[in-house]
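Enquirer: Could you have a look at this structure, given as structure tokens, before my questions?
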Amino acid sequence: QVRLLVPIAVAFSPGSVPADLPRPLPFRDAQEMEITVNLRTSVTSHYELVYRGTTAAEGAALAAATAQEADAALRPLQDSVMGSLTMYVVPETSPLLPQGVSVYVGRHRSALVRAGGSLAALHARLRQVTQLMSFTAASVATALSDRVPDGRLSLDVRRYLKSSLGYEITFSLLNPDPKSHVVDWDIEGAVNSYVKPVLDKLSFVANFSVDSQILYYAVLGVTPRYDKESSSFLLSTHSLPHVINPVEARLGSSAASLYPVLNFLLYVPERSHSPLYIQDKDGVPVSTNAFHSPRWGGIMVYNVEAPASPQASLPLHVDVDMARVMEVFLAQLRLLFGLSREEVPAEFLLESPGNEGLADWELDHLLWAHTMENIATVSTTLTSLAQLLDKIGNIVIKDDVASEVYRAVASVQSAVAKLGMGHLHSAFQASKEAVTSSERAFFDPSLLHLLYFPDDQKFAIYIPLFLPMAVPILLSLAKIVRETRQHKKEPTKMD
């Protein structure tokens with residue numbers, strides 16, 4: 001049973017306090033909601049709300065011309081603890097929020113909310129914002145997907161990456177026709193400019209390593225269909241799954257990897273199949289000309305403009321527009337980590353995370369999910385280990401294995417306790433330590449079950465060896481016993 005506590009500060013600016021507020025400011029309130037995962041697992045979400053008025057510095061920040069400027073000015077004034085949220089309630093007539101927008105969610109851990117007139121309307125908006133910026137019943141079910149009964153999960157759950165201590169990212173340029181195209185891509189500069197800020201932000205979640213490679217004569221393995229109307233080649237939706245396997249055999253990145261590998265492929269079509277476009281299920285060309293595969297990565301097709309004159313010398317020199325490519329790959333990376341912004345009400349305005357790739361509250365969202373998933377993983381691992389040890393009665397558990405088990409149990413108990421206190425960062429770190437210790441104990445070489453034979457196998461092995469020797473020994477013993485008994489029965493001769 002896990003309890004998730006979210007500390008929330010609700011700050012009322014002048015003119016935004018509802019008339020039906022039950023008590024004068026400041027005061028505290030609490031709300032709880034139970035999320036049932038299955039018959040044995042449930043998660044309690046506890047929202048610890050502090051209602052107060054804005055300070056003079058916060059009031060000055062809220063007097064900014066735009067919501068973006070106000071969000072930047074409020075950043076130094078907030079509690080920057082991971083997992084905490086600050087809601088600034090502004091009057092209905094506030095010019096900070098555009099027309100038709102009642103909620104503005106910034107890049108950090110705060111939001112601007114219109115008062116809404118009554119306390120009930122304000123509570124409804126605050127509940128929506130809180131669930132958006134922390135977790136919902138769907139995100140909890142996604143994190144604990146291994147325990148959710150079949151049929152209750154959406155198909156999107158299979159898209160997201162499982163929690164891991166590390167990830168390897170590989171960018172690959174596929175040039176199937178090097179005789180026609182000499183492709184130049186500044187992957188190092190693109191990684192430093194676009195990918196590194198995102199991975200620096202995600203360094204709280206896991207360790208990342210980035211590699212790149214260029215593969216020549218690597219084809220997709222699927223022959224595209226030629227379309228006469230558009231004079232182009234098309235890849236339909238049903239043929240996309242068949243693209244990955246032939247390409248993956250050439251990548252060679254996941255064979256020796258300890259961590260999940262994310263593959264991002266840039267494919268420059270051969271000259272005989274150019275231009276090449278990807279169609280969606282309705283037969284409409286995809287605007288990004290790319291697709292992603294759940295828990296694997298993504299592929300983008302980069303078409304090269306045909307030369308103006310047919311007598312142009314080959315090979316053609318191609319400079320890849322890395323800004324356009326990285327925009328697609330970073331969007332796919334967000335999808336794989338479950339950071340898509342699809343289900344947002346129309347009256348909500350979400351600020352773009354900018355160069356960092358994800359907002360502070362999205363990082364917290366990821367930490368909530370991975371902490372719960374780590375706790376569930378440790379529970380499953382230790383339960384499987386206990387069942388294994390129960391089956392093998394004569395197994396020897398070394399002191400270092402026992403200490404890892406004790407450390408895993410203590411760490412997971414600490415993670416659950418820290419979640420209940422609202423300390424998200426320390427809870428996540430404790431859950432990572434618990435996963436590491438439980439995996440070390442479970443995969444310790446001394447606990448390999450093949451080292452310990454059941455008794456019936458021992459008899460089956462040793463009886464054929466000892467039985468041939470045992471027969472003459474037993475016959476000799478029987479003969480000695482008979483002779484001894486017969487000797488006792490004979491009367492002793494007296495001289």
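The values are calculated or read from the model by the stated rules, or taken from the named source; none is laboratory data. Computed from a predicted structure; not experimentally measured. As a convention, Cβ positions derive from the backbone with ideal geometry for all residues, glycine included, and neighbour counts pool all protein chains shown. Only protein heavy atoms, including side chains, enter the accessible area calculation; ligands, DNA and RNA are left aside. Shrake-Rupley method; radii C 1.70, N 1.55, O 1.52, S 1.80 Å.
Enquirer: Quick one: would you say Arg40 is open to solvent by 10 Å² or more (accessible area, probe 1.4 Å) and within 29 Å of Ala143 (Cα to Cα)?
Expert: yes
Enquirer: Still on this structure: Determine which member of the set Ala408, Ala376 is assigned to a helix (DSSP H, G or I) and open to solvent by 10 Å² or more (accessible area, probe 1.4 Å).
Expert: Ala376
Enquirer: Which residue pairs have Cβ atoms under 8 Å apart, sit 6 or more places apart or on different chains, and have a first residue in segment 279-299 that is at positive phi and a second that is charged (D, E, K, R) and open to solvent by 40 Å² or more (accessible area, probe 1.4 Å)?
Expert: Cβ pairs passing all conditions: Arg295/Arg158; Arg295/Lys162.
Enquirer: Report whether or not Ser203 is free of Cβ contacts under 8 Å to residues at least 24 places away in the same chain and within 17 Å of the chain's Cα centre (by Cα).
Expert: Spelling it out, Ser203 is indeed free of Cβ contacts under 8 Å to residues at least 24 places away in the same chain and within 17 Å of the chain's Cα centre (by Cα).
Enquirer: Can you tell me which of (1) in contact with a Leu (Cβ under 6 Å, 6 or more places away or on another chain); (2) more than 21 Å from Pro353 (Cβ to Cβ); (3) among the hydrophobic types (A, V, I, L, M, F, W, C) is the one Val89 doesn't meet?
Expert: Here Val89 clears every test but (1).
Enquirer: What pairs come up if the first residue lies in segment 363-388 and is touching a residue at least 40 places away in the same chain (Cβ under 8 Å) and over 16 Å from Ala408 (Cα atoms), the second is open to solvent by less than 10 Å² (accessible area, probe 1.4 Å) and not in a helix (DSSP H, G or I), and their beta carbons are under 6 Å apart, counting only those six or more places apart or on different chains?
Expert: Within 6 Å, the pairs are Asp364/Gly83; Leu366/Val205; Trp368/Phe135.
Enquirer: Residues of segment 106-136 being open to solvent by 50 Å² or more (accessible area, probe 1.4 Å), farther than 20 Å from Trp361 by Cα and either assigned to a helix (DSSP H, G or I) or in contact with a helix residue (DSSP H, G or I) (Cβ under 8 Å, 6 or more places away or on another chain) (or both), which ones?
Expert: Hit for segment 106-136 is Ala120, nothing else.
Enquirer: Are any residues in segment 68-109 within 13 Å of Leu349 (Cα to Cα) and of a type in the set (Phe, Trp, Tyr), and if so, which ones?
Expert: Tyr104
Enquirer: State the number of residues belonging to segment 11-37 that are open to solvent by less than 60 Å² (accessible area, probe 1.4 Å) and in contact with a helix residue (DSSP H, G or I) (Cβ under 7 Å, 6 or more places away or on another chain).
Expert: 6
Enquirer: On the basis of being open to solvent by 40 Å² or more (accessible area, probe 1.4 Å), without any contact (Cβ under 8 Å) to a residue 24 or more places away in the chain and among the β-branched types (Val, Ile, Thr), does Val471 make the cut?
Expert: yes
Enquirer: Conditions: (1) at pLDDT 85 or above; (2) part of a loop (DSSP other than H, G, I, E, B); (3) out of contact with any strand residue (DSSP E or B) (no Cβ under 7 Å at 6 or more places or on another chain). Ala331 meets all but one. Number of the miss?
Expert: (2)
Enquirer: Here's something else I'd like to know. Quick check on segment 139-150. Is at least one of its residues surrounded by 15 or more Cβ atoms within 10 Å (Cβ to Cβ), touching a strand residue (DSSP E or B) at 6+ places or on another chain (Cβ under 7 Å) and outside any helix (DSSP H, G or I)?
Expert: Within segment 139-150 (the criterion being surrounded by 15 or more Cβ atoms within 10 Å (Cβ to Cβ), touching a strand residue (DSSP E or B) at 6+ places or on another chain (Cβ under 7 Å) and outside any helix (DSSP H, G or I)), the answer is no, since none of the residues qualifies.
Enquirer: Looking at segment 336-364, which of its residues are open to solvent by 40 Å² or more (accessible area, probe 1.4 Å) and under 14 Å from Arg109 (Cα atoms)?
Expert: Ser352, the sole residue that qualifies.
Enquirer: Return yes or no: is Val396 at pLDDT below 90, of a type in the set (A, V, I, L, M), open to solvent by 20 Å² or more (accessible area, probe 1.4 Å) and not assigned by the TED database to the domain that holds Ala138?
Expert: So Val396 passes the test.
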